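Encoded as structure tokens, the structure appears first; notes follow it.
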Amino acid sequence: MDEKLKTELSKQGIFTTSLQELYNWGRTSSIWPLNFGLACCAIEMIATTMARYDLARFGAEVFRPSPRQADLMIVAGTVTKKMAPQVVRLYNQMPEPKYVISMGACAISGGPFKQGYNVLKGIDRYIPVDIYIPGCPPRPEALIDAFMELQKKIDAQQLTGENRPRHLNADEPSEFIVPQFGEHDLEPTRNSSIWEPPLVQIAQTGSDESGSH
Amino acid sequence: MTHLALMTQHLDQIFVLTSHWLLSYLPIALQPLCSAILSVAAIIIAFATLFALTTLLERKGLGRMQNRYGPNRVGPCGLFQPLADGVKSLTKEDIVPIRADRAVHFMAPVLLVAASFMGYAVLPIGRNMVMVDMNAGVLFFFAIGSLMELAVFMAGWSSRSKYSLLGAMRAIAQMISYEVPLVLASVVVLMQAGSLSTVAIVNMQATYSGIWPHWFVFTPWGFAGFALFMIAATAESNRSPFDLPEGESEIIAGYYTEYSGFKFALFFLGEYIGMFATSGMAITLFLGGWSAPFSFLTWIPSYFWFFAKLLTIISVFIWIRGTLPRLRMDQLMNLAWQFMLPMTLLNLLTTGIWHFMLPGFLRWIVCSTMVIVPCILLGSGLKYKKKFQIRTYHFSQ
Amino acid sequence: MSTATLAAASLNLEPANESGMDQLLEIAMGPQHPSTHGVFRMNVVLDGERVVRLKPVFGYLHRNHEKIAENETYLGSMPYTDRLDYMCPLTNNWAYALAVEKLAGIQVPERAEYLRVITGELTRLQNHTCLIGFLMQDMGASGTPLMYAFRQREIILDLFEALTGARMMCNYMRFGGCRVDLPAGWLDQAKKVVAGFPRFLDEYESLLVSNEILMDRTQDVGVLSKELAISAGISGPMARASGVDYDIRKVDHYSIYDRFAFRVPLGSHGDVYDRFMIRLLEMRESVNILQQAMRDIPEGPIVDPKTKIRGFRPKPGEAYGRIEGPKGELGFYLVSDGSPNPYRYRVRPPSLINLTILEDLCLGRNVADIVVILGSIDIVMGEVDR
Amino acid sequence: MNLEAIKSEIEANVPGCRLELIANPSPSGQHSLLLDAEHASAVALYLRDTPNLRFDFCSNITGIDWPGKEVSQKIKVRKLVDGVEQEVEETRITTIPGSLEVVYHLYSVEKKHGPIVLRMRTKDRDAGVHLPSFTPIWRSAELQEREIFDLFGVLFDGHPDLRRLLMWDEFQDYPMRRDYVDPDDYEYEPTAHDAVLQRARQHLSQANPVQPSEGEAR
Amino acid sequence: MVGEGILKGLAETARNFFGSYVSKDRLTTVQYPEQREPQIEATRDFPFLVYDGADWQQGMRCVACQICEKECPPKCIFIEKSKDKKPDAFGKMQIYPATFNIDISVCMSCQICVEVCPFDAIKMDVEYHQSSDDRFGALLLNKQRLSKSNEYYNAIHPTEASAVDAQRAEELAKLEAKAKAAAEVKAAAEAKAAADANPALNASPQQPAGDPQ
């Protein structure tokens, strides 16, 4: 049914919907996050659900403690290497369709702690991330903003065709490698099937002006 | 006037009449079966809708208690929130842990929902609106209610998860312990009514002296029985502050830790339906079922009163949930065996005395004393035994 | 569904002993658990629901703060201290600034001291309210006390934001003072907030203090003796709940705390209820201090003008500076070798050291008690693991 | 509290102990006592139990890594040069052996005084990293000593449960030592410079041995 | 009496429940996307570069001194100096940043770059709507995205900005006076040296394009 007919019908008082719309509407309107906080950002995440910001307005205050019942994983805080396997495992335990918001600088890239030996430089090395929120920590408004961004993203998803979401594509994995503790670092250090950074463009020549002062 | 009376009567009996009218088109041989199907469908639809509304009410009510709005974006005033949750749950992936007992894992939520719905068979929702007027209705209700324990334990055991198992063990211990005071608290009504039929019990309460109804809750033993019944019912339906089996901060999600998607939604549904059923039984036994609270309000349809009372009780549940912290397992058990059980037994005695004393002021005084004094004594005895108190603190110089 | 294998692995499904001879059940609480206050893990061995062994596992939030600080300038570590105990950034700032001031012999102007006291005590209020909220959450109170706590916290965070520019990561103190002076109208707003605070505390107390369930859950649970508390280095409200009369504000006479009249509440039982009540009482004392400080705050400079922002190099030496943080004794130990970054930078984390006795408190208790005891210790993983 | 007085008091009462007073040049004036490992426990017990000292609160325990270094000193030496005695400048290289140091800050809750700073040093940084544990004396040492073992590799003899505290058990290195080499995990650094740039470049040269062609500017 | 405390607690929650319908204090939710909290002036989020006048390239205050790059604790600033020079607001010929990148996926909003900047060129923004699903593209802010006008700065931090403007105006006035004096001296010298008939070079400083005030 095309949009024109639909608006025409709705003017007549007839509301139509497609399966896709209903499916997407259900998913967007009822995103239950995993009760999962890592560090400082978790406090802002809690603050977002509290009275002042009230994430419940979007129907998302149902923080499920068990990954089996959660839809959204808000990676809120620094992911250390010691924690990374558990984060991936939790993600694997969540049922499809599942989404990940990478909240805060640390979860995106290691943030201020990226120089640390035990800090994972971004959770997207191991699991696919839908929305990134920069900030250290992001304000609760920024989290709500990202949440709405995620809703928009879900709403725009097609159930069929090339661009269908990951969970509807049988070829795409829904579980990812859980890294193992190695003697010096995690093994593997990243999941190269989902994380391919752009080629590091470090000035090979003339770098001294930027490299030494 | 008679015209008005007829109209209100018709309004009161509208569902019964509609059902009769529909059935009259069917061959007589099919009528009992179809009547049953019709009633089952009506109950499932009505209470599933109530479930949806209650989850919303709970979320919004808790929100208001916590100085916020609660869901208000999905549909007008967030009215479609439960619908969205339902759609989402239906379309979620269903995960069965690889080492779980698949059959039992699947059976558990189904059994829970089925058992919790079966209790409604004997609940009179309105005048002449009861599916089966069983002469052992109350007994049937409690028998079916104990099926829920089985379902819960099946869920916990079949998941092969430690948290699930802990939750199931807690649930079994709690539900069996509270079954005893629950039944004993309702026995007082049976003593007085002399019948196990729910319909008879309600009919007995649906009479009035002046404007006042003859609800059992308006007697000392009835009030005590009601209070005890409600405490036991809270525990029986795993509501806060007795929500230990799913104590989120302790054992994740208890026995349904490993459930996802629609099976999890079924658990949710089963819990709420079970809660409605026990509340409905409390209404039937103590609050006069579908009868109006004042004689001059009888023109309002009977089913309205039933649901109004049900919603009031649900609101109290929500209110309590928003306020109280959870008990610990041993405290829960202590409450059941050291407070609830003696109180319910004493209440039986009180009811007997009430029955054999002449109506009058003296009867009230004697029975009230018999209920209140032991309650206070037992309560403060427990308090004393545990030595908990409000403390005073000193300050360093 | 092969996710299940992973689930099985994470939940460690094997019974403690396959032979079935002993009935012990080993469960791993955490690192992802609703009431471990972050990523903390306890390997608990249960006999039924009774705890027979409990081994805490740390390090899930070990973000190498100390190592990073050793490669950072002295000032550069200041914003990192915010992220240590992320519930109370300003006291962390303060402790660090104090340590550096000791190391380099910097004097702090009077107005700056007042600002520090005001922000520090506001932080204490905020921390204690939230702690009680989290404690109640662990007890299963559906979030209502936590919501009230956060309602109040937001009001205090508004003050922090107006002063320092950030809600949580304030980065406010500087060596020899504070970064910015009070903006116009801030003091009046703060006075209003502080004046309204006792009313909130009254409400909070009527919601919680006399609640029988709460008393039943907390009294005589997790009893910590005075001797063990001292030996195990327990500090802050937790030690005072056990009757240890030790408040660094009184003992060290640091900053200008000598000028304020305030009392130090002491508990006598050392159980969870005492820890909870001591914090409530401490908040009332903090309100006292705040009122005095806001009444007396003088005009003047807010930072020692001699201290450089860039190129700050203390002379070689070492210093240990500590303050009474909301969680306990928060200390910073710095070793300087004369370079712009510290040779050794060490945080004395009260949260970690207060956890030393976790197993002692939990043995023989219920699973439900573990979370309550843990909640009453008041940990923040950012500080425990650093 | 005079540290000198405490030192002589300990020396008088704990036979055989060797204490050294380490002065602290910074304005904090927190001087410290260097204990020898053999008598450290006895000294600690003395400090804890003597009625006028009563250092019952071991607040803070820190590990410090002092890697061995070569110090070149220019010394003027009188020497015969070409038969004439002259003052010649000579560079003498002395190797200071490395050690791991553990610093204790003690307070007294009972007497409300402190701090007294104790230090202990290991013999070297490889095999002789043993020090006595203070956990039996102050319970607060339990987790802090584990942390120092984890991050510095000091082995505390007599510790009841000496496991890694923060890093995972399989981990091999001691990351807070000055010569620790971070794992190479810098694949993407859009704003790399200084040390980070060095590491990123190192990673790049390891990951793609072939020099990438002159790419466009970032 | 057993239950007294429980009843007290119930009364408290009931008070809040009914209070939420009448009192603003008991319904603290700010319904975020539609309602906003009043902007607090001191709020900071991510840094931006101030430029004077209308053209961001011309008026950029930054002179690529790289102090902020060096002082930034998490090292999220990257600057490349230009090869040529352009006049700054005071007319002095200065190099400018050829590249100025801030990786806000690392930035921890600590404001140290602002404190150390001697040119008032970098300030803190209040914009937190930065969430995106593009990790590598959207979160690395380049010079153009970082540049914001002085008017914008005045709008978000009025007190601070007017102080900065006043100080800069003062400096400019001083410089102008100095230049004037220098020009006078020069003119005198020129007049004196007129006999030499040497072509005098115009050394008076160029006026900047976009000058505040």
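The values are calculated or read from the model by the stated rules, or taken from the named source; none is laboratory data. Values in this document were obtained by computation on a predicted structure and should not be read as measured data. Cβ atoms come from the backbone with ideal geometry, glycine included; neighbour counts cover every protein chain shown.
Worth a mention:
- Here the condition is being modelled with pLDDT of 85 or more, within 14 Å of another protein chain (Cβ to nearest Cβ) and farther than 30 Å from C:Glu66 by Cα; of D:Asp56, D:Asp49, it holds for D:Asp49 alone.
- Which numbered condition A:Asp145 fails, given (1) closer than 25 Å to B:Arg73 by Cβ; (2) assigned to a loop (DSSP other than H, G, I, E, B): (2)
- Flag for A:Ile154 being within 14 Å of chain E (Cβ to nearest Cβ), outside any loop (DSSP other than H, G, I, E, B) and under 15 Å from the mean Cα position of the chain (by Cα): yes
- Whichever residue in the range E:34-55 is in a loop (DSSP other than H, G, I, E, B) and among the β-branched types (Val, Ile, Thr) and, among such residues, is surrounded by the most Cβ atoms within 10 Å (Cβ to Cβ): E:Thr43
- Contact map, the range B:78-94: residues that are within 10 Å of A:Gly26 (Cα to Cα) and at the interface with chain A (Cβ under 7 Å from one of its Cβ atoms) paired with residues that are in a helix (DSSP H, G or I) and basic (Lys, Arg), Cβ distance under 7 Å, separation 6+ or inter-chain. Pairs shown: B:Lys88/A:Arg27.
- Looking only at the range A:121-144, and only at residues there that are among the acidic types (Asp, Glu) and more than 11 Å from A:Ile101 (Cβ to Cβ), the one that is surrounded by the fewest Cβ atoms within 10 Å (Cβ to Cβ): A:Glu141
- Candidates B:Pro124, B:Pro71 - the one that is buried (at least 17 other Cβ atoms within 10 Å of the Cβ) and touching a residue at least 60 places away in the same chain (Cβ under 8 Å): B:Pro124
- Flag if A:Asn118 is within 10 Å of chain B (Cβ to nearest Cβ), surrounded by 24 or more Cβ atoms within 10 Å (Cβ to Cβ) and touching a strand residue (DSSP E or B) at 6+ places or on another chain (Cβ under 9 Å): no
- Each residue in the range B:131-152 was checked for being touching a Gly at 6+ places or on another chain (Cβ under 9 Å) and within 16 Å of B:Met107 (Cβ to Cβ), and 3 pass.
- Test: residue in the range B:39-52 that is under 30 Å from E:Glu12 (Cβ atoms), in a helix (DSSP H, G or I) and within 14 Å of another protein chain (Cβ to nearest Cβ): yes
- When the helices (runs of 4 or more DSSP H) confined to the range E:125-199 are screened for residues that are more than 24 Å from E:Arg44 (Cβ to Cβ) and in contact (Cβ under 8 Å) with a residue 40 or more places away in the chain, those reaching at least 3 such residues are found at E:158-192.
- Being under 21 Å from the mean Cα position of the chain (by Cα), surrounded by 23 or more Cβ atoms within 10 Å (Cβ to Cβ) and assigned to a helix (DSSP H, G or I) is a condition met by no residue of the range B:157-165.
- Options B:Met275, B:Met281; residue that is away from chain C (no Cβ under 14 Å), in contact with a Lys or Arg (Cβ under 7 Å, 6 or more places away or on another chain) and more than 30 Å from B:Ile98 (Cβ to Cβ): B:Met275
- Only one entry of D:Glu101, D:Glu145 meets the criterion of being crowded, with 18+ Cβ neighbours inside 10 Å, more than 10 Å from every other protein chain (Cβ to nearest Cβ) and either within 24 Å of C:Lys67 (Cβ to Cβ) or under 17 Å from the mean Cα position of the chain (by Cα) (or both), and that entry is D:Glu145.
- Applying a threshold of 8 Å to beta carbon distances and a minimum spacing of six or more residues, or different chains, the list of pairs starting in the range B:101-120 at a residue that is farther than 24 Å from B:Ala136 by Cβ and ending at one that is assigned to a helix (DSSP H, G or I) and β-branched (Val, Ile, Thr) reads B:Ala108/B:Val152.
- Scan the range B:318-361 for residues that are part of a loop (DSSP other than H, G, I, E, B) and surrounded by fewer than 17 Cβ atoms within 10 Å (Cβ to Cβ) and the total you get is 4.
- Within the range C:214-260, the residues that satisfy the criterion of being out of contact with any helix residue (DSSP H, G or I) (no Cβ under 7 Å at 6 or more places or on another chain) and either within 30 Å of B:Leu335 (Cα to Cα) or polar (S, T, N, Q) (or both) are C:Asp220, C:Val223, C:Ser225, C:Ser231.
- As for the range C:109-130, it holds at least one residue that is basic (Lys, Arg), at pLDDT 90 or above, on the phi < 0 side of the Ramachandran plot and crowded, with 24+ Cβ neighbours inside 10 Å.
- Candidates in the range C:52-75 are the residues that are part of a helix (DSSP H, G or I) and touching a residue at least 40 places away in the same chain (Cβ under 8 Å); of these, the one that is farthest from C:Tyr333 (Cα to Cα) is C:Leu75.
- Selected residue (criterion: nearest to the other protein chains (Cβ to nearest Cβ)) from residues of the range C:128-143 that are of a type outside the set (A, V, I, L, M, F, W, C) and touching a residue at least 12 places away in the same chain (Cβ under 8 Å): C:Asp138
- When C:Asp216, C:Asp158 are checked against the criterion of being part of a helix (DSSP H, G or I), acidic (Asp, Glu) and buried (at least 19 other Cβ atoms within 10 Å of the Cβ), a single residue qualifies: C:Asp216.
- Just so you know, in the range A:31-43 the residues that are touching a Lys or Arg at 6+ places or on another chain (Cβ under 7 Å) and crowded, with 24+ Cβ neighbours inside 10 Å include one that is farthest from the other protein chains (Cβ to nearest Cβ), and it is A:Leu34.
- Single match in B:Leu327, B:Leu310, B:Leu349 (criterion: at the interface with chain C (Cβ under 10 Å from one of its Cβ atoms) and either modelled with pLDDT of 80 or more or farther than 17 Å from B:Ile231 by Cβ (or both)): B:Leu327
- Residues in the range D:19-30 that are in a loop (DSSP other than H, G, I, E, B) and either at the interface with chain C (Cβ under 10 Å from one of its Cβ atoms) or modelled with pLDDT under 85 (or both): D:Ala23, D:Asn24, D:Pro25, D:Ser26, D:Pro27, D:Ser28, D:Gly29, D:Gln30.
- Residue check for C:Glu203: among the acidic types (Asp, Glu), within 11 Å of another protein chain (Cβ to nearest Cβ), more than 30 Å from C:Thr356 (Cα to Cα) and surrounded by fewer than 19 Cβ atoms within 10 Å (Cβ to Cβ): yes
- Residue selected from the range E:4-26 under the condition more than 10 Å from chain C (Cβ to nearest Cβ) and outside any helix (DSSP H, G or I), by the criterion surrounded by the most Cβ atoms within 10 Å (Cβ to Cβ): E:Ser23
- Pick from the range A:55-70, criterion charged (D, E, K, R) and in contact with a helix residue (DSSP H, G or I) (Cβ under 7 Å, 6 or more places away or on another chain), ranking: farthest from the other protein chains (Cβ to nearest Cβ): A:Glu61
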